[in-house]
Amino acid sequence: MTSFNTLFNRMFQEKSKSVYLIFLIQAFASLCFTIIGFVSENGTPEFVNGKDTSSVNVIVAFLAVFAVMMLITSFIADFVYWIISSIKNEKINRSQTWRLIPVTDTKFLLSNFGTAFLTYIWLGILEAVTIIVTLLPMLSDQDVRKAIGQASIHLSARDWQTMLGSLLLIIFIGYAWYAIVSLLNLASRSIIDFLPGGSSKVWTFIIRVIVIIAIIWILGHAATIIFSVLGKFSPFMVNSQDINYATTILQFLVFDVVITLIDILLLNKFVEAKQN
């Protein structure tokens, strides 16, 4: 049997190729936008601090504008990879090459979903590091250092708890997206594979639409039941705000587990792999 770590690393490497491609395209686009911006401004950048303005070194300003462009284009790049990674997941789920790897369906799905989410985070890390590095030369400007020195940020224990809770919630919601997409694809594919003439494009489209509507309706009712039941038996007893936040995290955790179990059942019993 192939170990989970080996499979996870192989999938991560495969999906990272798309991350690097998107990141390079994003960086190139940001560079083009930066050059266009400098040409339109005649290459005379200024730093604005309140009502005061001061000239900034051209190279420093160029890097700062590039960082801003990277931040703006990151929203588009992240959305594009979000879609690409979802499609990649489903191709792997049905790939005969991947399915022939001696590993349990549980490990296979968890590795598939996990690597999709981690490569998504990896793209965000690449963007964040690039933005931070290109902004560092701004510290050479006295006005920038003065503005940073005057800034004061104090985070309480409650703020750190909220940030940690938000991070967990984002992770569970991101995982839920990939699990639900797989549920829709695997459910519709399992029906299509067992129907005569299921390879027809018309039949495929009709079945997918029906399955998507049915599953969305079922998931909506199931989520309502799960959330209402867990809301009455929350183990978190701090205050009402903490209870609501922690309960929401627990609800999404249970929701992810349930959807994953259904995905594993469909992948194991009803969906046949196909040749690449």
Residues with amide H under 5 Å from that of Thr104, placed H, sequence gap 5 or more: none
With a point put 7 Å past each Cα toward its Cβ, work out how far Arg10 is from Ile213 in nm, to one decimal. 4.1
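Based on the mean of other Cβ atoms within 10 Å per residue, sort peptides 6-14, 162-170 so the most packed one is first. Don't jump to the answer; show the numbers that get you there.
On the way: 6-14: 16.1, 162-170: 13.2.
Highest to lowest by the protection proxy: 6-14, 162-170.
With a sphere of radius 15 Å drawn around the Cβ of Leu71, what net charge do the other residues whose Cβ falls strictly inside it have (Lys, Arg +1; Asp, Glu -1)? Before the final figure, lay out each step's value.
Working: positive: none; negative: Asp78, Glu127.
Here the count lands on -2.
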Residue order, fewest to most beta carbons within 10 Å, for Lys15, Lys269: Lys269, Lys15
How do Val19, Val68, Val209 line up, fewest other C-beta atoms within 10 Å first? Val209, Val68, Val19
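Only the coordinates and a few stated rules stand behind these numbers; no lab work does. These numbers come from a predicted model, not from an experiment. Backbone-built Cβ (ideal geometry, glycine too); neighbour counts: all protein chains shown.
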